[in-house]
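The values are calculated or read from the model by the stated rules, or taken from the named source; none is laboratory data. Keep in mind it's a predicted model, so treat the numbers as computed, not measured. Reconstructed Cβ throughout: ideal geometry from the backbone, glycine too, with neighbour counts over all protein chains shown.
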Amino acid sequence: MRRNVFRLLVGSESMPYCNIRDFGARGDGVSDDTAAFERALRAASETGTLYLPAGTYRLESVKIPSHITILGNASWGYSAWGYENNKRKQGPVTDPAVNGSTVLIPASGRGRALWDMESCCGTRVAGLSFDGLMMGESFHAIRAPGSGDTRQNLVFEDVRICHFTGSGIDCSHTRGFSVRRSLIIKNQGSAILADAARDGVILDTQLAYNDGAGLCGQGGIENLLITANRIEGGCPGGVWLKGASGVSITGNSFDSPRGPAVTLLDCCAAAVSGNMARLCGQGCTGEFDSHMLFKGCRGISVTGNSFWGWPALASNPWLARYGVLGDTLTDCVISKNSFFECCRQEMIRLAGDNQGVLEQQNTGSAVSWSPPGV
């Protein structure tokens, strides 16, 4: 097939693009476009960029090469018609336009992920929607694990990921990645998996009502920046990290997680600041019945956060037991946080053997409240 490469003028320079339609893709949501996509990817490895115009592309699991850009036309929305698109676990969405103009769907749900980006380096994905249609079992949208110390430098921006039986993006063991201006919603796993991930940025993204956590990772996590995101729902909470260092969780909005907004276990050198957390710890017991949980941590600061239980909301059956629960902390700061009607017992609870913990200038008080009729 003739390789038809068109050029988009950018200032005085021209940038080569491959159009997937020129490689036989139908984009009708019925035809299997896997072979055409693979042909287009091979061509894009030479030209640099693959463009997917408006359409629904039905694919089997495909391997994504390094050092290319894959572009689509985003134009997606958060929800429509009373969140019905996001509530659905099966069947078609009630308003297909909410998925955007360029949509990728699985042909079968076989494999580990729709896109296999294992050991992929220097690839950028922008403006695409992935709808898993609840196919397969533990089937991710994108799986991008790394190997060794190779920097991957992967970029995911303006993407929408929904209805996968696994997680949205699996960045486990990935070194060098960013997820920005995106929506990862209503997947059965976590929005983003980050086991042993390093040097990552999650920015200006919504991680909403996934069955797992918004961001979940453990073991060898280093240097993550998590800022200006909206993180809704999720179990065991919003951000759940174990064995992390050099993490900054700043300026995020947490809403209704089924667990703490932030859980850090055995972490060190982390900053949690300027976040808004409301309706946290819903339905939890024990240490997870709190807005934030820090256990076995060293050298972390928790400053300038605002906590709200929103007790006037009739559908809120109870408030979290604690605002912040710290257990066995070393050289940590919990300071200048605001607790407004957020917990039913203690704003700050320190348990275990704590050493060198500075707790000062926090404001608020526990509130006794139960909904009408209870």
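Brief remarks on what is shown
- Matching strands (runs of 3 or more DSSP E) fully within the stretch 104-143 where at least 2 residues are among the aliphatic types (A, V, I, L, M): 113-116, 124-126, 140-143
- Those strands (runs of 3 or more DSSP E) of the stretch 155-269 in which 2 or more residues are surrounded by fewer than 24 Cβ atoms within 10 Å (Cβ to Cβ) and of a type outside the set (G, A, S) occupy 175-180, 198-203, 215-227, 230-232.
- Residue in the stretch 270-296 that is nearest to the chain's Cα centre (by Cα), counting only those that are in a loop (DSSP other than H, G, I, E, B), modelled with pLDDT of 95 or more and surrounded by fewer than 24 Cβ atoms within 10 Å (Cβ to Cβ): G274
- Any pair with Cβ under 8 angstrom, 6 or more apart, that starts in the stretch 47-62 at a residue that is in a strand (DSSP E or B) and ends at one that is among the aromatic types (F, W, Y): T49/Y17; L50/Y17; Y51/Y17; Y57/F37; L59/F37; V62/F37; V62/W115
- Residues being in contact (Cβ under 8 Å) with a residue 40 or more places away in the chain and assigned to a helix (DSSP H, G or I) - total across the stretch 32-46: 2
- Residues of the stretch 322-347 that turn out to be farther than 10 Å from H291 by Cβ and among the aliphatic types (A, V, I, L, M), as a count: 3
- Candidates G146, G109 - the one that is small (G, A, S), surrounded by 18 or more Cβ atoms within 10 Å (Cβ to Cβ) and at negative phi: G146
- Boolean, V201 is touching a residue at least 12 places away in the same chain (Cβ under 8 Å) and touching a Cys at 6+ places or on another chain (Cβ under 9 Å): no
- Those residues of the stretch 14-43 which are of a type outside the set (F, W, Y), modelled with pLDDT under 95 and closer than 20 Å to E157 by Cβ, in sequence order: M15, C18
- Taking the criterion of being among the charged types (D, E, K, R) and within 22 Å of S256 (Cα to Cα), the residues of the stretch 181-218 that qualify are R181, K186, D204, D211.
- Which numbered condition S301 fails, given (1) polar (S, T, N, Q); (2) outside any loop (DSSP other than H, G, I, E, B); (3) modelled with pLDDT under 95; (4) within 26 Å of the chain's Cα centre (by Cα): (3)
- Test: A320 is in contact with a Ser or Thr (Cβ under 9 Å, 6 or more places away or on another chain), more than 24 Å from A197 (Cα to Cα) and among the hydrophobic types (A, V, I, L, M, F, W, C): yes
- Scanning the stretch 30-78 for residues being crowded, with 18+ Cβ neighbours inside 10 Å, over 20 Å from G136 (Cβ atoms) and among the hydrophobic types (A, V, I, L, M, F, W, C) gives a total of 12.
- Failed item in (1) assigned to a strand (DSSP E or B); (2) surrounded by fewer than 24 Cβ atoms within 10 Å (Cβ to Cβ), with F307 passing the rest: (2)
- Residue satisfying all of: in the stretch 333-346; under 27 Å from the mean Cα position of the chain (by Cα) and not in a strand (DSSP E or B); modelled with the highest pLDDT among these: N337
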